[in-house]
Amino acid sequence: MNEPLLAVERLTVIYPGRAQPALADVSFSVREGELVSLVGPSGSGKTTLLRCVAGLRPPSAGAVRLAGRVIDDVPPDLAMVFQDYGRSLFPWLSVHHNVELPLRRLRLPAAERRDRVTAALSEVGLADAARQYPWQLSGGMQQRVAIARAIAYRARLLLMDEPFASVDAQTRADLQDTALEVWRAHGSTILFVTHDIDEAIYLADRVIVLSPPPGTVRAAIAVDLPRPRDQIETRGLPRFAELRTEVARLIRRA
Amino acid sequence: MTAGARRHPRRTDADQGTWTGVALRLAAVAALVAAWQVGTLLAADPVFWPTAEVIAVRLWEMWIANPTAWVEDGMPSLARLLGGWLAAALAGVAIGTAVGLLPWLSHVLEPVMAFLRSIPPPALLPPFIVLLGIGDGMKVALILFGAVWPVVLNAADGVANVDPTTRDAARAFRLSIADILTRVVLPAAAPRILAGLRVSLSIAVILMVISELYAATDGIGFRLVQAQRGFRTVDVWATVVLLGLIGYALNGLLAVLEARLLRGQRARTGGTR
């Protein structure tokens, strides 16, 4: 396939009443099966960019294409994991029903819906938590529920918006490996937004660096680290340190 | 972020369950009864100021242990009250949800609703009697009209203020309109809706009594006026106490329902805000 799965073309977003655009002329693409990280300082429009890709916000100029089609509404082929699991999961639904809810629109038979939910939950290590409610789980477990919801939905493109920013360091490392495992097992395509440079490099095939506002693409860096990645081995490689320095310099150079 | 949560910011389950807590609450009740008892004994005027004991006995004979009174007056009153309140709840949630979801509708209806809810409901009793007669329909309509506004306003506010991330999640996963309404928007607005229902229940009790004071042939309010006209002061006081107890009991039932429905949201609010 020559055409990229996701193409962001000269995307510009201007919030009404603000002189400076949130995003200015952002272009990049993501190939099918690729895991791309998007890093940038706070205020560089990362979340705005992701909301445009998800079809939740129309661009002021430019376009986003998913599999060739311009996104003008939320496309069916896309799932999203939000930073704030406390608000993106529905506290009044059990874990099982949280994961199942998006499947109802797909008109799957009840048995298949149940199977998908069970499989997705055991994939993230929460097979036993199906009957619990999100608020009874730890933050890391809640974010696993959100990942299971995205897995069960079986979208071609998975958008993750700083998903591990509000959990502790150990949980964050575990969740990063869970994300890598899901990516490998399903051959999915992931666009992963983060402000954590190490996380961006550890996960990705390519790191796209956004500039301070107005956000533009400063560079796209190929991550030539071997896979499978390992929290200790990979992060200990000299090349990892070099990449980290490179990305950090790009971000700091304002 | 609910009215209930704000009202008791520091009260926890532990506080309510302790023996001292229970004992203090019972002591406050006992103090009220004792104050009345002492005051009326000092007044020594059994016709206008009967003692607590006399009122309690009369309450027992006249209402609690009197099935006929329940069938002839209690049930009609409760049926009007619950009928009007449930109608107000349904209409209020429906209108409030529409207004909360559609900013243009809220903009258009704002002055109309502000005017309608400014009318003191008892003032509508004369026109309602003229238009609807003096039957149950008129009484239910009066309760509905008076009790609907707190539900409308709270539902509209709750629906309009669903968390943006919650809304994004519902949209990103392309939930159907029905699922968005019943599984996301209404549960998210539930704390506000229930707060509205509580206020409207108190209003419904008031309007139930008022509608029975005039142009009625049965009901608790009707008995109250009859007792007053017959100079049966003890009956008047007994009926007043009964109305208080009914309001208290209904509020208690609603509080239990609220606690069950909002388990998760309370836990979440306590945890992260």
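Taking other C-beta atoms within 10 Å as the exposure proxy, A:128, B:235, A:174 rank A:128, A:174, B:235 from fewest upward. In plain terms, the residue of A:96, B:107, A:195 with the fewest other Cβ atoms within 10 Å comes first and the most crowded comes last, giving B:107, A:195, A:96. Would you please classify the overall shape of the stretch A:1-84 from the alpha carbon gyration tensor, given that a ≥ b ≥ c denote the square roots of the eigenvalues, rounded means a/c under 1.5, and beyond that prolate means a/b larger than b/c while oblate covers the rest? Since a/c reaches 1.5 and a/b is larger than b/c, the shape of the stretch A:1-84 is classed as prolate. To the nearest ten degrees, helix A:110-123 and the longest principal axis of the Cα atoms of chain A are 60 degrees apart.
Going by alpha carbons, how many degrees (0 to 90, nearest 10) lie between the helix axis of A:139-153 and the longest principal axis of chain A? Between the helix axis and the principal axis of chain A, the angle is about 90 degrees. Spacing of the modelled spin labels on residue B:215 and residue B:177, each 7 Å from Cα toward Cβ, amounts to 4.0 nm. From the Cα gyration tensor of chain B, with a ≥ b ≥ c the square roots of its eigenvalues, which class applies: rounded if a/c is under 1.5, or else prolate if a/b is larger than b/c, or else oblate? Oblate is the answer for chain B, as a/c is 1.5 or above yet b/c matches or exceeds a/b.
Each of A:122, A:188 was scored by other Cβ atoms within 10 Å of its Cβ. Arranged with the fewest first, they read A:122, A:188. Apply the a/c threshold of 1.5 to the C-alpha gyration tensor of the stretch A:72-161 and tell me whether it is rounded, prolate or oblate. Oblate is the answer for the stretch A:72-161, as a/c is 1.5 or above yet b/c matches or exceeds a/b. Given in Å, the Rg to one decimal and the Dmax to the nearest whole number for the Cα atoms of the stretch B:131-254 are 20.3, 68. Within the shell of other residues whose beta carbon sits under 11 angstrom from the beta carbon of residue A:198, the net charge comes to +1, with Lys and Arg scored +1 and Asp and Glu -1. Less than 5 angstrom separates the built amide H of residue A:210 from those of A:39, A:40, A:218, all sequence-distant by 5 or more or on a different chain. Over the protein assembly as shown, the ratio between the Cα radius of gyration and 2.2 N^0.38 Å evaluates to 1.30. Taking the DSSP beta bridges with both ends in chain A, the antiparallel portion is around 45 percent. Per-residue 3J(HN,Hα) values for the stretch A:6-13, derived from phi via the Karplus relation 6.51 cos²θ - 1.76 cosθ + 1.60 with θ = phi - 60°, read 10, 10, 9, 10, 6, 6, 10, 10 Hz in sequence order (x marks Gly and Pro). Apply the membrane-span-like helix rule to chain B: whole DSSP H runs, Cα extent along the own long axis of at least 20 Å, mean Kyte-Doolittle hydropathy at least 1.6. List the helices found. Helices meeting the criterion: B:186-213.
Packing order of peptides B:22-32, A:219-229, highest average first: A:219-229, B:22-32 (average count of other Cβ atoms within 10 Å over each peptide's residues).
Less than 5 angstrom separates the built amide H of residue A:229 from none of the residues sequence-distant by 5 or more or on a different chain.
With Cβ to Cβ distances under 14 Å as the rule, what net charge do the other residues near residue B:128 carry (K, R +1; D, E -1)? Result for the local shell: 0. Give the angle, between 0 and 90 degrees and rounded to the nearest 10, that separates the Cα long axis of helix A:238-252 from the longest principal axis of the Cα atoms of chain A. Taking Cα atoms only, the helix is inclined about 70 degrees.
Each value in this text was obtained by applying a stated rule to the coordinates, not by laboratory testing. It should be emphasised that the depicted structure is a prediction, and the values quoted were computed from it without experimental measurement. When we count neighbours, we look across all protein chains shown, and the Cβ atoms used for this are built from the backbone with ideal geometry, even at glycine.
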